[in-house]
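The values are calculated or read from the model by the stated rules, or taken from the named source; none is laboratory data. It should be emphasised that the depicted structure is a prediction, and the values quoted were computed from it without experimental measurement. Here the Cβ is made from the backbone with ideal geometry for all residues, glycine too, and neighbour counts use every protein chain on show.
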Amino acid sequence: MDKTYFELAYDATKLALEDANKNGAEITHKDLESTVYGIYNELFERQFMPDIFINSYIGMNNKPGTRIASGGATGGYTVRMAYAEVASGLSDLCLCLGVEKCNDCYDEKTGTTTPEVLNAIAYSADMTYEYPMGMMAASSYVSMVNAHFEEFGNPTEDQMAYVSMKNHGNAMLNPIAQSPMKISLDDVLFSRIICHPFKLLDCCLYSEASAALILASEEKVKELKIEKPIWITGVGAANTDCFIGNREEIGRLYSNIYAAKAAYKMAGLDYNKIKEQIDLAELHDAFSGHYLS
């Protein structure tokens, strides 16, 4: 938390380059031809156009940089844009870099950062009708979860709690995880109510962190003699109606389905047999109930 957002970005870039070189790449930041930045919210950084400051700090002056901001999908869209940068032939070596710096949002009245952070996220809601009625991140997600429960009888509060137990438990295997905890079902169920049925331990934390990937064209991979490249075989994206009441169903995010189908099709996977073809899925986990709806 004592670092600036561009220092966090530097750390992730450095680690990505070191990791690539362990795999035989032998590259430096000078070899990177472009960068795609994932930075959701200027209010977190207290800086409009924070990407241009990162661009200079990591030594990418006089090279193209593109900023992506798409809410909780910012990370996914940033990878997609970096993929497009390479697949189009504009770059053979592209840095994909995400960074967020939330704790600089300080509320002098309460002496905490949480109200300002939540307010900054709430600005992503419709400012004409939804925000004045109290729409926040938790309430926007919980309306979908409750609608899904009314129609299908799930997710139950126990099912949601098991997701939280699994995720915090998995974090104990990661030495740099933010909140590794061995928690019980009751720990989750009796944690503080945030927005029914979401409890405190059903909700993700806001984070000060950064992450980076280096994407290379197939020709560049061969040139660098990378030993074990990871190939991107399918990408998909879809945006839903910004007003929850206008969506096909309130209890489902069909944009997730459309995006997944597009990625599966591009990768040559059969949507109807996907459980047999996918070994691991990593989902955006803003709130545990959203996994199940």
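Given the structure, is S70 of a type in the set (S, T, N, Q) and in contact with a helix residue (DSSP H, G or I) (Cβ under 8 Å, 6 or more places away or on another chain)? The answer is yes for S70. Restricting the stretch 200-228 to residues that are free of Cβ contacts under 8 Å to residues at least 40 places away in the same chain and out of contact with any Pro (no Cβ under 9 Å at 6 or more places or on another chain) leaves a set whose member that is nearest to Q277 (Cα to Cα) is K222.
Scanning the stretch 85-106 for residues that are in a strand (DSSP E or B) and of a type outside the set (D, E) turns up L93, C94, L95, C96, L97, G98, V99. Residue count for the stretch 155-187, restricted to those that are free of Cβ contacts under 8 Å to residues at least 40 places away in the same chain and assigned to a helix (DSSP H, G or I): 11. Hey, does the stretch 77-84 have a residue that's in contact (Cβ under 8 Å) with a residue 24 or more places away in the chain, surrounded by 17 or more Cβ atoms within 10 Å (Cβ to Cβ) and in a loop (DSSP other than H, G, I, E, B)? No; the residues of the stretch 77-84 include none that is in contact (Cβ under 8 Å) with a residue 24 or more places away in the chain, surrounded by 17 or more Cβ atoms within 10 Å (Cβ to Cβ) and in a loop (DSSP other than H, G, I, E, B). Scanning the stretch 30-48 for residues that are at pLDDT 95 or above and either over 17 Å from the mean Cα position of the chain (by Cα) or at positive phi (or both) yields a count of 6. Are any of the residues in the stretch 233-252 acidic (D, E) and closer than 25 Å to Y162 by Cβ? Within the stretch 233-252 (the criterion being acidic (D, E) and closer than 25 Å to Y162 by Cβ), the answer is yes, since at least one residue qualifies.
Yes/no per residue for (1) at pLDDT 95 or above; (2) over 15 Å from D285 (Cα atoms); (3) among the acidic types (D, E):
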| position | (1), (2), (3) |
| --- | --- |
| G111 | no, yes, no |
| T114 | no, yes, no |
| E130 | no, yes, yes |
| V142 | no, no, no |
| V145 | no, no, no |
| N154 | no, yes, no |
| L173 | yes, yes, no |
| S184 | yes, yes, no |
| F198 | yes, no, no |
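For the stretch 76-91, the set of residues classified as hydrophobic (A, V, I, L, M, F, W, C), within 12 Å of I232 (Cβ to Cβ) and in contact with a Cys (Cβ under 9 Å, 6 or more places away or on another chain) consists of V79, A82, V86, listed by residue number. Filtered by the rule that a residue be hydroxyl-bearing (S, T, Y), free of Cβ contacts under 8 Å to residues at least 12 places away in the same chain and assigned to a helix (DSSP H, G or I), the stretch 115-154 gives a lone residue, Y131. The single condition among (1) within 17 Å of A73 (Cα to Cα); (2) more than 20 Å from the chain's Cα centre (by Cα); (3) modelled with pLDDT of 95 or more that K265 does not satisfy is (1).
Scan the stretch 36-46 and tell me whether some residue there is in contact with a Phe, Trp or Tyr (Cβ under 6 Å, 6 or more places away or on another chain) and of a type outside the set (A, V, I, L, M, F, W, C). Explain how you work it out, then say what you get.
Going through the stretch 36-46, the residues in contact with a Phe, Trp or Tyr (Cβ under 6 Å, 6 or more places away or on another chain) turn out to be 42, 45.
Remaining after also requiring of a type outside the set (A, V, I, L, M, F, W, C): 42, 45.
Yes: the stretch 36-46 contains one or more residues that are in contact with a Phe, Trp or Tyr (Cβ under 6 Å, 6 or more places away or on another chain) and of a type outside the set (A, V, I, L, M, F, W, C).
The single condition among (1) surrounded by 19 or more Cβ atoms within 10 Å (Cβ to Cβ); (2) out of contact with any strand residue (DSSP E or B) (no Cβ under 6 Å at 6 or more places or on another chain); (3) touching a residue at least 60 places away in the same chain (Cβ under 8 Å) that C195 does not meet is (3). Identify all residues within the stretch 197-239 that are farther than 29 Å from L8 by Cβ and touching a helix residue (DSSP H, G or I) at 6+ places or on another chain (Cβ under 7 Å); write none if there are none. Of everything in the stretch 197-239, those that are farther than 29 Å from L8 by Cβ and touching a helix residue (DSSP H, G or I) at 6+ places or on another chain (Cβ under 7 Å) turn out to be P197, K199, T233, G234, A238.
Each residue in the stretch 203-220 was checked for being at pLDDT 95 or above and not in a strand (DSSP E or B), and 4 pass. Quick one: which residue in F243, F152 is surrounded by 12 or more Cβ atoms within 10 Å (Cβ to Cβ) and of a type outside the set (A, V, I, L, M)? Every option except F152 fails the conditions.
Looking only at residues of the stretch 6-26 that are among the hydrophobic types (A, V, I, L, M, F, W, C) and modelled with pLDDT under 95, we find that the one that is farthest from F53 (Cα to Cα) is A25. Within the stretch 246-283, the residues that satisfy the criterion of being surrounded by fewer than 14 Cβ atoms within 10 Å (Cβ to Cβ), outside any helix (DSSP H, G or I) and of a type outside the set (G, A, S) are E248, E249, D270, I278, D279, L280, E282, L283.
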